[in-house]
Every structure is written in structure tokens, then in C-alpha cells.
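K.L.:
Attaching a single structure in C-alpha cells format; questions to follow.
The values are calculated or read from the model by the stated rules, or taken from the named source; none is laboratory data. Remember, it's a predicted structure, so these values are computed and weren't measured experimentally. In this analysis, Cβ positions are derived from the backbone assuming ideal geometry, glycine residues included, and neighbour counts consider all displayed protein chains. The protein model used for the area step is the full one, side chains on, heavy atoms only, and it has no ligands, DNA or RNA in it. Shrake-Rupley method; radii C 1.70, N 1.55, O 1.52, S 1.80 Å.
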Amino acid sequence: MNAARVVWSRLGILILIITTLGLSIGGNARAQTVPADDASSSRPRVGLVLSGGGARGAAHIGVLKVLEELRVPIDAIAGTSMGAVVGGLYASGLSAREIESVMTSVNWQEAFRDRPPRKDITFRRKQEDQNFLVKFPLGLRGGRFLLPRGLIQGQTLSQMLRRLTLPVAHIDDFDDLPTPFRALATDLATGEAVVIGEGDLTSAMRASLSAPGVFAPVERDGRILVDGGIAANLPVDVARSMGVDVLIVVDVGFPLQPREKLNSVPVISNQMLAILIRRESERQRASLTDRDVIIDPPLGDASSFDFSIVQRAIDAGEQAALGVRDRLASLALDPVEHERYVALRAERRRNPPAPRIDFVRVQSGSERYEKQLRERFSSFIGKELDAEQLTRNVTDFYGEGTLEALDYQVVEEDGRYGLALTARRNSWGPNYVRFGLNLQDDFQGNSRYNAATRFILSEITKPGGEWVWDLQVGETSRIATEIYLPLGVGSPWFVMPHAETRRRNVSLLDGQHSLAEYRVRSTNYGIDFGRVFGNWGEIRVGVLREEGSSRVRVGDPSLPVTHFDAREFFVRLSYDELDDVNFPRYGQLATLEWRGESTTLGSDRSSDRLIFDWLAARSWGRNTAVFWTSAGTSLDDDVTDVRTLFPLGGFFNLSGLRPDSLTGPHFGIARLLAYRQIGRAGPGFLDVPTYLGFSYEMGNVWERRSDASFGSLRNNASLFLGLDTLIGPVYVAAGFEEGGEEAFYLFLGRTF
């Protein structure tokens, strides 16, 4: 019997050695995911549970910082919503301080905005941005208006998470991450909790974060997934199932509001949701044992939607974790073991290095864009993956405005790495509606307004052609159409036939007094040819014919009706790298244009005009300075056609004078603006970015170029309060002219 025991004992040892070697050779990745086990097989395995809570979830970072300082290892993480984001980033191998650096440096207003920064959108979208200012996506299909499936599609946030987790993008099994991880989401069709432990890490985090109505749902493995907090905001049972012995549970869940604050529909709705979420969380908390550690960061009634509290929430997490320091310290490793634990996590994140891309694959459902995707991303084949260039390519294509989502995954097949690309057409497209509004009132009974609608029929050709219709009513009414036709997929060359009919008022002034007002009617049509340069510039040439007439609308009825017939050429160079057209903070915008009419083409007269406009903005913190200059000249000596005169006067155009109260064949104006964002550093007054500023303007119009001189310039200034609203910039302003004239404005619409 003793001999048999010896044999079986040695056989058992041999089997254990073989098994261990097999795991080491055949499953080395999995062995390294729990590095602390190699350091001390007798210590308890520690699981970390991170609850959902929106912006309040930043407190998880503070807890992680304390755990690292105390040398507490984490063997498994389960997270929901924001807890899944923080937990997923930590599981990918990032340290707590690295996550803190990311979270505190992110502009959350930009991260939760689907549209790329303006400098990254296409030049055509930038041109549209200058006139149609309502920032709300609206589609049109089958005679019905369509809205997106969420206020935020999550494109910007997804790409941020994609970049941060790229070193582990090749890992398909979340047990093979530097720290094993599970994300919780909710199946929108069934209401069931969905535990995500494999596949793409970025989409797992995004799915868990997708609060219904705020973020668009994530389609994954045949399911439509939304925020995991609906089903399980505190996934204690999930972490327990990962083979851990003790849990550290961080609950930043939604607090219930006291009775006196339940005074509005949004607050009552949030209270109802909080009650439902807390009920399941309390059940999970009840399952904890005496060995487990519960941490409740003191966040008070901080809003889960207010990302200006990120640093405060991190500090609260640290404070709460230090409050249970003694219990956490009992789970700590000695310095040598902890150093090895950290080294193995770091090694797993950086190994392997950036892979060589051997193929590009367009995923099922993205066939419509296969040609464009292959053309834009095939340049990565045969090269080591350049994450920055990949991000730029994604941003450039998404910036065209027709995609709801554009994403990539790094995939491995038979030892070869590739890019799997997904492009999903806007669910509210392919036809879109945009609105523009302009309103001006001088507080003296004079007001003018224009309301415009743009209908865009996109993707009418495979290269991305568009058919656009504009309708406008108000002081200037117009109907216009254009067909924008790129000459090939990805081609910078385009052709654009267009036509327009317009009615507008033109005032005849004597100083600041109106003598008459004309109603000018015109119809024009023509064709443009051009080339775009990246997303920053364009050169365009075109030919145009314009016919029309003008009659007296207000004034002496005996003044004759005039007719005109103009045929002209133009050349225009445009540059645009401005970050925002409402309240720019950095970048430049410039235009140089020549327009010429000729009697040899059948025009009534011959004329040549040059027009120049340049704006540059720079910011220091919340303070911004803008220099803006414009000039124009007629190259002909005899200029009598009112259509070719340049107007000045009005807000930012000699603000102390009435709008368009100066006209002449030559003009020049320079402006210096300074403004400061007031209120909180994030949202401003009434949750709208608000600015207080002033302008100084020098300019004039002249009958002859020889009359232009510094001594003839008129000096004006303005003080203004500006709000960057959803429907465009709104100003309340006062303008002053050195001669004693003054003007007051309520102004909505484009100024720059």
C-alpha cells in the first residue's frame, strides 16, 4: 500500500508538472492574465466590482489609485456602464494614473459629440456649416421626418476607447487580458442582462455605457444592447462567478432625491429609474460576506451627466478607499511580488508590438461602402499599424456626414493580422434636412429676419454625389438647387451645376437716413468646376448668367424699373481651418475671389471685382482674440450698378451704423474682437456656452481707390453678450461710432 501511495503520489506530481508545462506552452497568454497567482498561490484572489453611475463613475479611478498605492492586486473585474469603461481600461493594462490622465484631459463636450471637430470634417460640410447653423440631425424618408436612435451615436467616444485599448485589440477572450474582465449590458429586446466576456473590448464598453435615449444602442452578436445598469448596475454575482475569493465593491449608483426636490418631470423620471436600479443593487449588496469590502464614495447628489465633476469624483473615490485602508491593506502583496504583478500586466499590454497589417476586410452589412473603404484603408496593408494615421482616416471618412458609425477592429487569422472595417449608413438618412435662421432687431422698430431650410439628397452617385435644395423666406426669399458631383470615388475634382431665383431688398440711403428701398428680383444659373485640397481648402472656377430687375418698394413711385442681364466668370480660392463658425477659438478662414463681367459674353456691362476676407483666432484659456479683415475693389472707373457696390454698416461691420448704410465700389475694414467665456468652464449660462466681449472696427467705403487712406477710416466699437445656442449664435449688443452714432442689436445668426 505504501508503495502504491508513492507511485500514485509521484504520478500525480508528474501529471501536475505536465499540465503546468502545457498551460505554460499552449496557453501562456492565459497564465499571464493572473500574474499574482505566480507570486503567491496561497493568497486570496481579489475581484473588483465597479457600478454604473455616469460621471459619478470617475470615483472608480480614485479607488484604483489607492489600491495601487497599497499594492492590492486585482485578479478579475466586472463593471457596468461607466464602471465598465474604467474597468475595461484598467483590464487592458492601463494604470490608474494613466486612466486619470485620460479622463481629466478629455473635453467631454467633444467626446459626447458625434460630429468630428470642425477642422476634421470635409470642406463641403464646412461650407454648409457657415449658413445652416441649427445643430440638430434630422432625416427625411418616405415623407416622414426621422430622428437618430440616440442623441449621441458615440463615434468620437468609441474612437477614443479604440485608441486606448489598441495594444490589446488582438485579444478576443477577456480572460486573456492583463486582468480578466466582464462588462454588463442589457438586451433592449428582452430586458435580460448580458455578460460580455469575449469579442471586441471597445464595443463591449460602449454597449455597457449606452444609456437609452442618450446613446444609440450597440448591435453586437445579433443583439441590440444598451446600458447594463438597467439590468444589473452592481454586478457582484458576475465577479463572484470569475473564481475570486474576496470582492472589493465600489458603488457610485444613483442617489434618491428628497421629496422637496421632486418638482419637475425630468427629476421625477430620474427618481423612478433610480428606484428600479437601486432595488437590484440592494439585492446584490445583500449577497456580500464579511470578507468583502464595500466602498461608497461620498458624491452627494452630484449629477451623473455633469462631467465637470470628474476630478472631484476621483478625489471622492480616493477618500472613500482610504477610509477602509486597513481592510484593503490586508489584501496587499509585498513589494517584490507587487513589482512582478505590475511588470506582468505591463508586458501583456505591450506584447506583441504594433502588428503588421496583411489584409483589409469589409464586414457584412457594409458592402455599400466597400469600394470607398478599400480605397481609403488599403494603404495600411504591408505596414506596421499606424494608430494615429488610422484614426485620421476614420475621422476623414466619417466627416463626410453620411455615416452613423465607422469603426475598425484588429483581427487575427492564422497568424496574420488585418483590419475589419464596419461602415453603417445613417439610420435617419440618406436624405437630410438642415435649418438656418437669421434675425436682427435694432430696438427702434426696425427688424429683419430670414428662415431657411436645406434638403440634402446624399449618395445619388457612388462617388458621393449630392442634390441640394434651399428654400428661404423673409427679407430675402430664395429657391436654389445644386448638384455636387465628385468625378470619382475619393477624387478631389468635382463639377457642380446650380440655379437660383432670389428676391431681396436694397436700401438707398443718405447717411443714416433711408431715401428709398428697392426690391431686386433675379434668376441665375451656371456651372462650377473645382478641386478640394484635403479638408482645408478649395479652388473653384465657374461661369454664371444672372437676369433680373429692380423696382421701388418704399419711396418715390416714379423712379423707373431697371433691368439687368449679367454674364460672368469667377475664380475663388478658399481656406478654412477654423474650429467653430459661431465663436471661433483657434484657426484661420480666408477667401480670395475675382469676378468679371464682359459685354463680349452678352452682359450689359463690363466689370471686374476683387474680394478678400481673412480671419484668425487664438485663445488663452477662456479668453479669445480674433483678428478679421475684409476688402473689396472694383477695377472699373465707372460703377453705377447697385449690385456691384460693397455695403458696410451693422454688427461687426462698423457696429455704430445702421446695416448696409454705407455703399461704394471700394471698401476695407479691419476688426479686433476679444471675448471671454463666462460662468463655468464647461457649460455656461443656462447650460449654454456664454461669452462677454467687445470689438474695435476701422473701415470705410470709397468712390475712388485713391480716396482710401488711414485718415478716412471710421472708428467703431461694440460691447456684446453672446450665447452659442442650438439654433445658432445669439447676441445682445450695443455699437458706437466715433461721430456719435450708436446702434443696438438683438442678433441671431452668422456673424463671421
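K.L.:
Given the range 413-519, what strands (runs of 3 or more DSSP E) lie entirely inside it while holding 2 or more residues that are open to solvent by less than 30 Å² (accessible area, probe 1.4 Å) and closer than 30 Å to LYS383 by Cα?
P.N.:
Ranges flagged: 416-425.
K.L.:
Do the conditions hold for PRO647, that is, is it at negative phi and either of a type in the set (Val, Ile, Thr) or part of a strand (DSSP E or B) (or both)?
P.N.:
Spelling it out, PRO647 is indeed at negative phi and either of a type in the set (Val, Ile, Thr) or part of a strand (DSSP E or B) (or both).
K.L.:
Among the residues of the range 731-747, write down those that are surrounded by 19 or more Cβ atoms within 10 Å (Cβ to Cβ) and assigned to a strand (DSSP E or B).
P.N.:
Those that are surrounded by 19 or more Cβ atoms within 10 Å (Cβ to Cβ) and assigned to a strand (DSSP E or B): TYR731, ALA733, GLY735, GLU737, ALA743, TYR745, PHE747.
K.L.:
Is it fair to say SER364 is among the polar types (S, T, N, Q), open to solvent by 70 Å² or more (accessible area, probe 1.4 Å) and either farther than 22 Å from PRO116 by Cβ or in contact (Cβ under 8 Å) with a residue 12 or more places away in the chain (or both)?
P.N.:
yes
K.L.:
Right, here's the next one. In the range 678-686, is there at least one residue being surrounded by fewer than 21 Cβ atoms within 10 Å (Cβ to Cβ), within 34 Å of the chain's Cα centre (by Cα), at pLDDT below 90 and β-branched (Val, Ile, Thr)?
P.N.:
Yes, there is a match, as at least one residue in the range 678-686 is surrounded by fewer than 21 Cβ atoms within 10 Å (Cβ to Cβ), within 34 Å of the chain's Cα centre (by Cα), at pLDDT below 90 and β-branched (Val, Ile, Thr).
One line per residue, one yes/no per condition, for (1) surrounded by fewer than 15 Cβ atoms within 10 Å (Cβ to Cβ); (2) farther than 30 Å from ALA420 by Cα; (3) touching a strand residue (DSSP E or B) at 6+ places or on another chain (Cβ under 6 Å); (4) at pLDDT 90 or above:
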{"position": "ILE275", "(1), (2), (3), (4)": "yes, yes, no, no"}
{"position": "LEU299", "(1), (2), (3), (4)": "no, yes, no, no"}
{"position": "ILE314", "(1), (2), (3), (4)": "no, yes, no, yes"}
{"position": "ALA320", "(1), (2), (3), (4)": "no, yes, yes, yes"}
{"position": "GLY323", "(1), (2), (3), (4)": "no, yes, no, yes"}
{"position": "ALA329", "(1), (2), (3), (4)": "yes, yes, no, yes"}
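K.L.:
Further question: Cβ-Cβ under 9 Å, sequence separation 6+ or interchain: first residue in the range 310-322 and among the acidic types (Asp, Glu), partner part of a helix (DSSP H, G or I) and crowded, with 23+ Cβ neighbours inside 10 Å. Which pairs?
P.N.:
ASP315/ALA59; ASP315/GLY62; GLU318/ALA59; GLU318/ILE61; GLU318/GLY62; GLU318/VAL63
K.L.:
Just need a number here: residues in the range 386-412 that are among the acidic types (Asp, Glu), within 16 Å of the chain's Cα centre (by Cα) and not in a strand (DSSP E or B).
P.N.:
2
K.L.:
What number goes with the only condition from (1) crowded, with 22+ Cβ neighbours inside 10 Å; (2) outside any strand (DSSP E or B); (3) not polar (S, T, N, Q) that PHE720 does not pass?
P.N.:
Here PHE720 clears every test but (2).
K.L.:
It is to be established whether one or more residues within the range 611-626 are under 20 Å from HIS563 (Cα atoms) and either assigned to a strand (DSSP E or B) or among the hydrophobic types (A, V, I, L, M, F, W, C) (or both).
P.N.:
no
K.L.:
Pick from VAL214, VAL134: which is buried (at least 16 other Cβ atoms within 10 Å of the Cβ), farther than 30 Å from ARG278 by Cβ, modelled with pLDDT under 90 and not polar (S, T, N, Q)?
P.N.:
VAL134 is the lone residue from the list that is buried (at least 16 other Cβ atoms within 10 Å of the Cβ), farther than 30 Å from ARG278 by Cβ, modelled with pLDDT under 90 and not polar (S, T, N, Q).
K.L.:
Could you grab the pairs with beta carbons closer than 9 Å, sequence gap of 6+ or different chains, first residue in the range 339-352 and closer than 17 Å to ASP175 by Cβ, second one modelled with pLDDT of 90 or more and assigned to a helix (DSSP H, G or I)?
P.N.:
Once the first residue is closer than 17 Å to ASP175 by Cβ and sits in the range 339-352, its partners that are modelled with pLDDT of 90 or more and assigned to a helix (DSSP H, G or I) give ARG348/ASP176.
K.L.:
When only residues in the range 432-480 that are hydroxyl-bearing (Ser, Thr, Tyr) and under 24 Å from the mean Cα position of the chain (by Cα) count, which is farthest from PRO729 (Cα to Cα)?
P.N.:
SER458
K.L.:
Considering only the range 688-708, state which residues are out of contact with any Ser or Thr (no Cβ under 8 Å at 6 or more places or on another chain), at pLDDT 90 or above and open to solvent by 30 Å² or more (accessible area, probe 1.4 Å).
P.N.:
LEU692, TYR696, MET698
K.L.:
Also, I was wondering about something else. Output the number of the condition that ASP604 fails; it satisfies all remaining conditions of (1) open to solvent by less than 60 Å² (accessible area, probe 1.4 Å); (2) part of a loop (DSSP other than H, G, I, E, B); (3) of a type outside the set (Ser, Thr, Tyr); (4) in contact with an Asp or Glu (Cβ under 8 Å, 6 or more places away or on another chain).
P.N.:
Condition (1) is where ASP604 drops out.
K.L.:
Quick one: would you say ALA343 is small (Gly, Ala, Ser) and surrounded by 14 or more Cβ atoms within 10 Å (Cβ to Cβ)?
P.N.:
No; evaluated as a whole, the condition is false for this residue.
K.L.:
Looking at (1) crowded, with 22+ Cβ neighbours inside 10 Å; (2) assigned to a helix (DSSP H, G or I), which is the only condition ALA185 fails?
P.N.:
ALA185 satisfies every listed condition except (2).
K.L.:
Say whether the condition of being in contact with a Leu (Cβ under 8 Å, 6 or more places away or on another chain) and without any contact (Cβ under 8 Å) to a residue 24 or more places away in the chain is met by at least one residue in the range 273-296.
P.N.:
Yes, the range 273-296 contains at least one residue that is in contact with a Leu (Cβ under 8 Å, 6 or more places away or on another chain) and without any contact (Cβ under 8 Å) to a residue 24 or more places away in the chain.
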